[in-house]
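Below is one structure, written out as structure tokens; the observations come after it.
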Amino acid sequence: MSGLFSLDSWSTVWTHRESFLLGLGNTLQTAVCALALAFIIGAALGLMSTSGNKPLRIVARIYVEFIQNTPLLLQLCFLYYALAFAGVSLGVIRTGIIALGVYTGAYMGEVVRAAIESVPKGQFEAGYAQGFNTVEVLLYIVLPQAYRNIVPTLLSQVITTITDSS
């Protein structure tokens, strides 16, 4: 028997298992750290995009449009070589984490923005009528309702980030 199910093929894989495990570890480390960075960036961008402050909305929109319309591989190469020419050497994994986190953060920002905008405007108005300030309205009324809409898309983005990290 030859091919995928042959004993020789699997013995070769077993012989080089350290390389495979190192690759798995690097992928998981990159994905987890990039996702942590992306959650922070995404939450900030989502809140900026839904704020009443026009300059914040413009900054968030420019960031999202620029990052989403540039290929990830180009961003990775640019960041790696730009840092190298600047005399900063973070290493391949750290540079990958930063680039992937910045890239995924733009998508997370859109997920957060869409989830917040999916909550009816009357919910905001009801919170203000009860005497809540903007932060309290978001924390106690809007975000718990947006949570239902955010989870499926967020999980999809997590899976995409794991596959992109390899």
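As for segment 69-84, it holds at least one residue that is of a type in the set (Val, Ile, Thr) and assigned to a loop (DSSP other than H, G, I, E, B). Write out, first by first residue and then by second, each pair whose Cβ atoms fall under 9 Å of each other, whose residues are 6+ apart or on separate chains, and whose first residue, in segment 6-20, is among the aliphatic types (A, V, I, L, M) and assigned to a helix (DSSP H, G or I) while the second is surrounded by 10 or more Cβ atoms within 10 Å (Cβ to Cβ) and modelled with pLDDT of 80 or more. If the second residue must be surrounded by 10 or more Cβ atoms within 10 Å (Cβ to Cβ) and modelled with pLDDT of 80 or more, the pairs left are Val13/Phe20. The single residue among Ala31, Ala43 that is open to solvent by less than 50 Å² (accessible area, probe 1.4 Å) and closer than 20 Å to Val135 by Cβ turns out to be Ala43. Hey, does segment 51-62 have a residue that's within 12 Å of Thr104 (Cα to Cα) and either assigned to a helix (DSSP H, G or I) or free of Cβ contacts under 8 Å to residues at least 12 places away in the same chain (or both)? Scanning segment 51-62, I find no residue that is within 12 Å of Thr104 (Cα to Cα) and either assigned to a helix (DSSP H, G or I) or free of Cβ contacts under 8 Å to residues at least 12 places away in the same chain (or both), so the answer is no. For Glu110, the conditions (1) closer than 20 Å to Ile159 by Cα; (2) open to solvent by 80 Å² or more (accessible area, probe 1.4 Å); (3) not hydrophobic (A, V, I, L, M, F, W, C) all hold with the exception of (2).
Residues considered: Arg94, Arg61. Of these, the only one that is open to solvent by 50 Å² or more (accessible area, probe 1.4 Å), closer than 21 Å to Thr134 by Cβ and either under 17 Å from the mean Cα position of the chain (by Cα) or of a type in the set (D, E, K, R) (or both) is Arg61. For Leu138, the criteria (1) modelled with pLDDT of 90 or more; (2) among the hydrophobic types (A, V, I, L, M, F, W, C); (3) surrounded by 12 or more Cβ atoms within 10 Å (Cβ to Cβ) hold in every case but one, which is (1). Of all residues in segment 120-132, those being open to solvent by less than 80 Å² (accessible area, probe 1.4 Å) and modelled with pLDDT of 90 or more number 7.
Here the condition is being small (Gly, Ala, Ser) and within 30 Å of Val142 (Cα to Cα); of Ala86, Ala34, it holds for Ala34 alone. Against the numbered list (1) within 20 Å of Ser156 (Cα to Cα); (2) among the aliphatic types (A, V, I, L, M); (3) open to solvent by less than 60 Å² (accessible area, probe 1.4 Å), Leu76 comes up short only at (1). All of Val151, Val88 fail the test of being part of a loop (DSSP other than H, G, I, E, B) and either without any contact (Cβ under 8 Å) to a residue 24 or more places away in the chain or crowded, with 16+ Cβ neighbours inside 10 Å (or both), apart from Val88. Screening Tyr140 on (1) over 20 Å from the mean Cα position of the chain (by Cα); (2) assigned to a helix (DSSP H, G or I); (3) closer than 28 Å to Val32 by Cβ shows it passes everything except condition (3).
The values are calculated or read from the model by the stated rules, or taken from the named source; none is laboratory data. Everything numeric in this text was worked out from a predicted model, so none of it was measured. FYI the Cβ positions are ideal-geometry reconstructions off the backbone, even for glycines, and counts take in every protein chain you see. These area figures cover heavy atoms from the full protein model, side chains too; ligands, DNA and RNA do not enter into them. Shrake-Rupley method; radii C 1.70, N 1.55, O 1.52, S 1.80 Å.
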